[in-house]
Each structure stands twice: as C-alpha cells, then as structure tokens.
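Notes follow the structure.
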Amino acid sequence: MSTTVEASHHSGTGENYLTAGYGLKSWLMTTDHKRIAILYLLSISLFFVIGGLFAVLIRIELLTPAGDLVSADSYNKLFTLHGLVMIFFFLVPSIPAVFGNFLIPIMIGARDLAFPKVNLASWYVFTIGGLFTFAVVLAGGVDTGWTFYTPYSSTYSKTAVGLTAIGVFITGFSSILTGLNFVVTIHKMRAPGLTWFRLPLFIWAHYATSLIMLLGTPVVAISILLVFLERVFGIGIFDPALGGDPVLFQHLFWFYSHPAVYIMILPSMGVMSELIACFCRKRIFGYSFVAFSSLAIAVLGFLVWGHHMFTSSQSIYAGMVFSILTMMVAIPSAVKVFNWAATMYGGSISYETPMMYAFGFLGLFTIGGLTGLFLGALGLDVHVHDTYFVVAHFHYIMVGGAIMGYLGALHFWWPKMFGRLYPEAWAKLSSIVIFIGFNLTFFPQFLVGYLGMPRRYHVYPDEFQIFHVLSTAGASILAIGYAFPVVYLIWSLVRGEKAGPNPWNAKGLEWTVPSPPTTFNFDETPVVTEEAYDYSRPVEGKVV
Amino acid sequence: MSNFHDGVVAHQFDDAEQQKETVNLGMWSFLITEVMMFGALFAAYGFYRFKYPQAWIEGSNYLDYLLGAFNTAVLICSSLTMAMAVHAAQHAKRKQIIVFLILTIILGGVFIGVKVVEYADKFEHHLVPGHNFSVDSPFANQVELFYSFYFIMTGLHALHMLIGFGIIATLVVMAYRNRFSEAYYAPVEMTGLYWHFVDIVWIFLFPFLYLIGRG
Ligand code: HEM
Ligand SMILES: [Cu+2]
C-alpha cells in the first residue's frame, strides 16, 4: 500500500521524534503517539519481567510433588499475581498500546491519533493502576485467581482484594481510552485515497480489538467494582447468604473476559498479516475475508462466555447453546489461518526473524485454537475443566500466539522505531530457543491435565512429577530465550547498524517515512493510490 | 494544513470540519462505553428483579415516588437549559451561554439536594444495606439487595452529575473568557451530549426503582 507521495523521505535536518526533546519532562508530557508508545513499551516490559518472576517461582515450586518451596497460601498468591500482571498489565495493552499507538497514525497517513492528550492520559491511568498493583504486593498479595470468583473474593478471602479490584478497575479505563482513540482515528483520520479496503490488515485487527475494548471493558469494570463495594460495605450482591447469586458474577466477568481473550489475540493476528505479506512478498490471500473475520471474531466473541461455566449452575440448555456458538467462533480464526497458509503457498518466502515468529505463531495458535474446540465441547469440558489442559490451551494461545506476535512485531518494527538494526543471527537463534522452550513447557501440561492434574494446586501425586519436571525444564529454556532479545535489542540501540527507511523492502506507509520518523510523521499528507500489500508494484523508500 | 497552528484546529487535524466530526464520534463512542457500564448494572438489577419480584416491590414502596417525580421534572428542565446553552453557543451569544449553563448547574444542584434528603431519610429508617439495615419483612435480605442496587445505581448516576458540574463550571469560565465562537463551540455541544445522557439514565432509573410497585 504505497503511495504517490509527493513527499519527502527525509526532512533533511536529521531531527526525529526521539531527538525532539531530551528531558524527562519532554517524555512525561509528550502527546506524540510514538513517544507514548515507547512509554508503554517500557512499562509493559517491566510488568512482563514481574509477571515472569512469579511464573519462575511457580515452576520451581512445581518441580516436586510436595509443597516445599512456598506454603499453599503463598502459592495461591503467586498464580493470582502472575495471571493478573500478565493479563491486565502485559497482554491486554501489549500490541495495541505499543505498536498500535506507534503505527496506526503512520499506517493511515495521519500526524497523530485523534486525541493525543487522551492518549497520554491513558498511559497515566495505566501507570496509576500499576501502582495499585505494586501496593497489592506490598500489602501481602491477593489470592483469588485473576478471575475474582465470588463469593470467595467478595466474602471469604482475607487478602488485599479491594486494592486489587481498584487497580484493575482503573487500568480498565486506560484500555477504554486507547480503544476509543483507535476507533475514532481509524474512522476519521485516514489519508486521502485510503479507503477501508486499502487499509493494512493490522488496522482492521486493531479496529476490531478496539470495539471489544469499548464494549467489554466497562462491563468488567463495573463487575469488579461491585466486588469491591461488596467487600467494603458488606452488601450482598454476590453473597448467597444474603440472597445474592455468585454465578451472576461469573456471567458478568466472562461477558468481558472471553472477548478480552480476543483483545489479546486479534492484534497479534493483525501483525501476522503484515509479516506474512512482507516476507512472502505477496498480497494477503482473501484480504476481505481476513478483514471481516476480525469483525466476526469481535461480534461472536461476545456470545460464547458461557463456555467458561459449563460446570457452574448454568442450565444444560444454555450450555448446549454456548457450546455450539463456541464452535462457530473458531470459524473466523480458521479462516485467517487458512488464508495465511494460502498466502505463503507459491510466495517467495524468506526466513528473517519476524517471519520465524510468524511461523511460530501459526503452529502454536493452531494447537491452542483446536484444543479450544475440545474445551468448547460441552461433554468433554466437564472432564478437563479446571485442569492443566485448560492451562495449556490458553498458554498456547496467549504465549504461543499473542507473545509470538508481539515479538514478531518488536523485531519487524524495531528498525522503524529506533532506526537501528539488530543482529540477525542472535535474533533468529533466540526465536528458535523460544519456540523449543515454549513447547517443552506447555505441551506436557496438555497430557498431565488430561490425566487429571487440576490447575491451581501446588501439591500433586508422584506420578505427575515427570510432566512437571519437563515443564519446568522448558520454562528455563524459555526464560533464556526471552533474555536474549533484551540484551541484543538494547545493544543494537548503541551499536546496531543504522536502518534505512525501509530495511525489509516492505509495502506500507510506515516504510515511506524515515526511521525513526519525525514528530509529525509526514511532511506532506500522503495520497494513497493502491491496495494494501501490492508487491507487484515497486517498493518505495527503499535504500540499499 | 492551512490553519495548522491557529489554536482552534489542533495539529493532528486538517481542518475544522474534520476536527468537529472526530470530536463528535469520540463523544458518541464514549457514551457507548457508558451505556455498557450502566447496562451491566441494569442487567444485574433485572436478573434479581425477576428472581425476587415480591421483595423488589416491597423495597420500591419504601421510596418516595413524589420526590422521584419531582426530581425527574427538574432533570428534564436542566436538559432543556443545557440545550439552550448549546443553541446559544452555536450563535456565539456569550451572555446567554453563561446564563443557561449556570441555570443547568442550579437545576442539577436541586436534584442532588433532593437526593441528599432522600439518602438521609434512608439512613434514618435503617434502609442502608450493609451495616444499617433492618426491615420487618419475610424477604428482608432481598429487600436489602434492592437497596444495594438503589444506592449503587443512583450513586453512580449522582457521581456522573457531580462530574458534569465540574465540566459545566469550566465551560462557564471559558465562556466568560470569550473562548467560544460560531466556529468553535464543540466543548459546549459535547457536554450537552453528556448531560442528556446522564438525564436519560435517570429516566430509566426512576420507573425501575420508584414505580415498579405501583402498577
Ligand atoms: C479458537 C477459539 C477458542 C475456543 C473455541 C476457546 C475455548 C475455550 C474454552 C471452552 C475454555 C473454557 C475451558 C474451561 O475452563 O473448562 C477456554 C478457556 C480459556 N481460553 Fe480459550 N478458546 C479459544 C480461543 C482463545 C483465545 C484466542 C484466548 C486468548 C488469547 C483464549 C484464552 C483462554 C483463557 C485465558 C481461558 C481460561 C480462563 C480461566 O479460566 O482462567 N482462548 N477457552
Ligand atoms: Cu472463552
């Protein structure tokens, strides 16, 4: 989707968004979407490390069948904090808040998002929510699981549930503000000639994600607020002793939190389309199917929450309906996977690091999605619900899918964001290490789950130990794999070779501007005259 | 990019037209999130209403529907004055903007005042769920649940009104400093949308809370 740019690739002065100001204040008061993206990148990286540390402790504890490292109570807190941090503070914001922020305006030929100040506000809101979560840790942690199920969370838990609830409530608003900004920006700020069906699929994916953020997040916000009020004022909305219904909470919670899993995966799917088109040098096969499947996922995703509640008091008929709808939500995901495969077919594939992550995503997301169908089958789920099978399912999707997409995006757009290339050999090596480590960590969990190992227990029968040992070994490899990029990416900021505007020879407006871009992205508003990923035409901005 | 830096059109927009449409869509999107937030509460309310119809009617009967009706009328009037303020802003009539905005705050203030009287009355009659609740009824717990919803829903609504006061007061200051013109009155218009939304929420709250027992 390149352009007839009357534009100027270089503004001559060498000034870019990173050099536009150096003081702390120039960062903390910035309204530049690119700088806000960097702020988010720093914050969520911190949370990723924290969430990771909790995971390390969990995996070490599970090495032996006995509960020898931590007490049962501490273990409850560990998996709760791990889930909370990873979901609300890393995965939900990850790709949208970093790459969406950075790229959406550039990809659509705009100078910034529609509401730059709101964008900055969203980061502050996120930070305040994060501080609450730190406070929770200082206050001794929280043990309800990231799902806050009532009445345990509302009546019985003795831990800092109130503080946690407020933290999550506040953080929710940062994602509402981000989603709102994206929806409005995509509607109103597109460059001349950039029709909906010329948009990169990354934009479509973010559009669908933003819709979910707008429609779902307020619901979870209010449900968690109800838990908070119930604890503070002793009212009984979810307390059966007072006439309340704890299962109502599950309905409200999953009404958001199933769609929320798509908040986590849709942006990754958007990244996939960009990577696969670039490294196969082809237009995405069935562009409009891929675009509409994002919307279909957003819509259908709101109709399947009951598949988390097959074993609750939900009626069997409701369960059957949710089971069928769950099968349907897999269709648009499958449409995407098949279209990507068809795009690769006959393409001239090259195996740079981002594409390695794309391959990783495809395989792992497919396994995660297919096991989702197992879980969506009403009868089977009664057997595997709340076992490690579920844990493996969602880690295949969230770590295998979403984080692979995140890392793919990080490597693909790193030269654009910082103007430097990273060492390709190291990057490729770590992508392989991550892939191996990931599978070794999580595949055994399918098996041990199917054999009956429940989730959220730290003591287990001896015969399960072999699976846990494998899993912990895999997690160690995974941790090493994740540590590599931290080192070589930081190294590249100083020593990396300078990147031209278009190091991958890719299509798309972001590759027509300098790396790093200037503060207002474009000197002259671009005019778009071609479809997305039209690799049959010459690529712009190529500097070799 | 003609008026790139003239202060009225922000740098990210090409022209005033684009800015206006964008701000409008932004406000509507925000209101949709509000609908979802209140919607979740209404859904939970509805769930218990069907589960405990008897208790809901009983709880409703303790509420003073005359006060509720009075407040409904007051809020509708405030919507009118808000609409007049927007109209005045469109024609850049500075004095009128200020007068109508202040009237809106006053009417809103009356509403909140009545709400305070009502809340105080609930305290006196031990109708505050949690630590200060006792009714003589076979469904005491469920009536208490009704009152939980009463306080949460009207409380969230009142909170929205208080936030509205802050925004409208800011507009008054802006109007006083002559910030609005025929080309630039979006803040007043957007606040108008917000205010009408808050009113509409009450239009639902009133029958659901005050009138269900009096069919
Ligand atoms: C392909 C479509 C998918 C289907 C059919 C599906 C199906 C299911 C089902 C039925 C469960 C409930 C299992 C149980 O608790 O017994 C479940 C759990 C879960 N899924 Fe999926 N899923 C899909 C995609 C995803 C995606 C894309 C994500 C995340 C990005 C995800 C994340 C989760 C999580 C986090 C849980 C567990 C929640 C918890 O109880 O803590 N799923 N999935
Ligand atoms: Cu789900």
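Points worth noting:
- Selection within the stretch A:156-188 - over 22 Å from A:Val219 (Cβ atoms) and in contact with a Gly (Cβ under 8 Å, 6 or more places away or on another chain): A:Thr159, A:Ala160
- The set of residues in the stretch A:141-158 being more than 28 Å from the chain's Cα centre (by Cα), touching a residue at least 12 places away in the same chain (Cβ under 8 Å) and part of a loop (DSSP other than H, G, I, E, B) consists of A:Pro151, A:Ser157.
- Entry remark, the stretch A:281-307: residues being open to solvent by 50 Å² or more (accessible area, probe 1.4 Å), within 12 Å of ligand 2 (Cβ to nearest atom) and either within 14 Å of another protein chain (Cβ to nearest Cβ) or under 20 Å from the mean Cα position of the chain (by Cα) (or both) number 1 in total.
- Test for A:Asp381: is it open to solvent by less than 40 Å² (accessible area, probe 1.4 Å) and within 16 Å of ligand 2 (Cβ to nearest atom): yes
- Residue check, A:Ala55 open to solvent by 40 Å² or more (accessible area, probe 1.4 Å), of a type in the set (A, V, I, L, M, F, W, C) and more than 23 Å from A:Ala409 (Cα to Cα): no
- None of A:Glu524, A:Glu497, A:Glu463 is of a type in the set (Asp, Glu), open to solvent by 10 Å² or more (accessible area, probe 1.4 Å) and within 30 Å of A:Ala66 (Cβ to Cβ) except A:Glu463.
- Hits in the stretch B:136-158 - residues which are outside any helix (DSSP H, G or I) and within 9 Å of chain A (Cβ to nearest Cβ): B:Phe139
- So A:Val329, is it in contact with a helix residue (DSSP H, G or I) (Cβ under 9 Å, 6 or more places away or on another chain), within 14 Å of ligand 1 (Cβ to nearest atom), assigned to a helix (DSSP H, G or I) and modelled with pLDDT under 95: yes
- Flag if B:Tyr48 is within 12 Å of chain A (Cβ to nearest Cβ), over 25 Å from the mean Cα position of the chain (by Cα) and within 30 Å of A:Val247 (Cα to Cα): no
- Yes/no for A:Tyr156 being surrounded by fewer than 24 Cβ atoms within 10 Å (Cβ to Cβ) and either at the interface with chain B (Cβ under 9 Å from one of its Cβ atoms) or not charged (D, E, K, R) (or both): yes
- Scanning the stretch A:308-325 for residues that are part of a helix (DSSP H, G or I) and either away from ligand 2 (no atom under 16 Å from the Cβ) or of a type outside the set (S, T, N, Q) (or both) turns up A:His308, A:Ile316, A:Tyr317, A:Ala318, A:Gly319, A:Met320, A:Val321, A:Phe322, A:Ile324, A:Leu325.
- Residue within the stretch A:326-342 that is within 16 Å of ligand 2 (Cβ to nearest atom), within 14 Å of chain B (Cβ to nearest Cβ) and open to solvent by 20 Å² or more (accessible area, probe 1.4 Å) present: no
- Complete set of residues in the stretch B:167-191 that are without any contact (Cβ under 8 Å) to a residue 60 or more places away in the chain, closer than 17 Å to B:His91 by Cβ and among the charged types (D, E, K, R): B:Arg179
- Any chance A:Leu252 is open to solvent by 10 Å² or more (accessible area, probe 1.4 Å), within 16 Å of ligand 1 (Cβ to nearest atom) and over 18 Å from A:Val183 (Cα atoms): yes
- Pairing residues of the stretch A:111-129 that are more than 7 Å from chain B (Cβ to nearest Cβ) with residues that are open to solvent by 30 Å² or more (accessible area, probe 1.4 Å) and not aliphatic (A, V, I, L, M), at Cβ distances under 6 Å and at least 6 apart in sequence or on separate chains, gives A:Lys117/A:Thr31; A:Leu120/A:Thr31; A:Val125/A:Phe173.
- Checked against the criterion of being free of Cβ contacts under 8 Å to residues at least 12 places away in the same chain, assigned to a helix (DSSP H, G or I), within 21 Å of B:Gln19 (Cα to Cα) and within 9 Å of chain B (Cβ to nearest Cβ), the stretch A:182-194 has at least one qualifying residue.
- Conditions (1) at pLDDT 95 or above; (2) within 11 Å of chain B (Cβ to nearest Cβ); (3) surrounded by fewer than 24 Cβ atoms within 10 Å (Cβ to Cβ): number failed by A:Met213: (3)
- Qualifying residue in the stretch A:335-352 (condition: within 10 Å of ligand 1 (Cβ to nearest atom), without any contact (Cβ under 8 Å) to a residue 24 or more places away in the chain and among the hydrophobic types (A, V, I, L, M, F, W, C)): no
- Cβ-Cβ distances below 7 Å connect the following pairs, each with a first residue in the stretch A:88-108 that is within 14 Å of another protein chain (Cβ to nearest Cβ), a second residue that is among the acidic types (Asp, Glu) and outside any helix (DSSP H, G or I), and a separation of six or more residues or different chains: A:Pro105/A:Asp112.
- Qualifying residue in the stretch B:194-201 (condition: modelled with pLDDT under 95, open to solvent by 10 Å² or more (accessible area, probe 1.4 Å) and in a helix (DSSP H, G or I)): no
- Considering the conditions (1) open to solvent by 20 Å² or more (accessible area, probe 1.4 Å); (2) under 24 Å from A:Phe99 (Cβ atoms), A:Ala358 is excluded by exactly one of them, (1).
- Residue ranges of helices (runs of 4 or more DSSP H) in the stretch B:1-94 with at least 2 members among the acidic types (Asp, Glu) and open to solvent by 40 Å² or more (accessible area, probe 1.4 Å): B:16-51
- Residue check, A:Thr80 of a type in the set (S, T, N, Q), over 12 Å from the mean Cα position of the chain (by Cα) and within 16 Å of ligand 1 (Cβ to nearest atom): yes
- Check on A:Leu266, in a helix (DSSP H, G or I) and open to solvent by less than 10 Å² (accessible area, probe 1.4 Å): yes
- Near pairs, Cβ below 6 angstrom, 6+ apart or cross-chain, from the stretch A:226-249 (within 8 Å of another protein chain (Cβ to nearest Cβ)) to any residue that is surrounded by 21 or more Cβ atoms within 10 Å (Cβ to Cβ) and aromatic (Phe, Trp, Tyr): A:Gly244/A:Phe238
- Among the candidates A:Leu113, A:Leu84, A:Leu103, residue that is buried (at least 23 other Cβ atoms within 10 Å of the Cβ), outside any helix (DSSP H, G or I) and modelled with pLDDT of 95 or more: A:Leu113
- Test: residue in the stretch A:221-242 that is outside any helix (DSSP H, G or I) and either within 16 Å of ligand 2 (Cβ to nearest atom) or surrounded by fewer than 22 Cβ atoms within 10 Å (Cβ to Cβ) (or both): yes
- Restricting the stretch A:388-417 to residues that are among the hydroxyl-bearing types (Ser, Thr, Tyr) and open to solvent by 10 Å² or more (accessible area, probe 1.4 Å) leaves a set whose member that is nearest to ligand 2 (Cβ to nearest atom) is A:Tyr388.
The values are calculated or read from the model by the stated rules, or taken from the named source; none is laboratory data. Quick caveat: nothing in here was measured; it's all calculated off a predicted structure. Every residue, glycine among them, receives a Cβ derived from its backbone with ideal geometry; neighbour counts consider all protein chains shown. The accessibility values were calculated without ligands, DNA or RNA, using every heavy atom of the protein model including side chains. Shrake-Rupley method; radii C 1.70, N 1.55, O 1.52, S 1.80 Å.
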